[in-house]
Amino acid sequence: MLTTEAVERILAALNSARPVTSRKMFGGVGLYTDGAFFGVIDDDRLYLKSDAATDGVYDTEEAAQWILPQGPMPYREVRPHLLSDPERLGERIDSAVAIWRAKNAKKKPRQSK
């Protein structure tokens, strides 16, 4: 369940690290910075985009992967103690944005009809 208090607390922490905007989507909250979709808030938890290069850091912290009914998603939970560390949280945001940009740079532009 998503609570207003948790969303406000997480957004305040994120904005102390980087300028972040949000949008409600699919029962959660999508997170953006500089046009990049880098994370979600779901069930009062913050998840950031991850890949093989960043999974090791999350594994060390025993951070859960975001699991939906259709299967695991390429996002990992940010441990609560990082919400009070803007420098480290900012580094995680930067990594998630870089992953999003790298993935989206590979996509071919859609053909208009």
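Only the coordinates and a few stated rules stand behind these numbers; no lab work does. Bear in mind the structure is a predicted one, so any value in this text is a computation, not a measurement. Neighbour counts run over all protein chains shown; Cβ positions are idealised from the backbone, glycine included.
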Matching residues in region 83-96 (under 21 Å from ARG9 (Cα atoms) and under 11 Å from the mean Cα position of the chain (by Cα)) number 5
Output for Cβ contacts, cut-off 8 Å, separation at least six or different chains, first residue among the aromatic types (Phe, Trp, Tyr) in region 61-79, second not in a strand (DSSP E or B), reads TYR75/SER50
Here the residues within region 6-26 that are under 15 Å from ASP42 (Cα atoms), of a type in the set (Lys, Arg) and in contact with a strand residue (DSSP E or B) (Cβ under 7 Å, 6 or more places away or on another chain) are ARG23
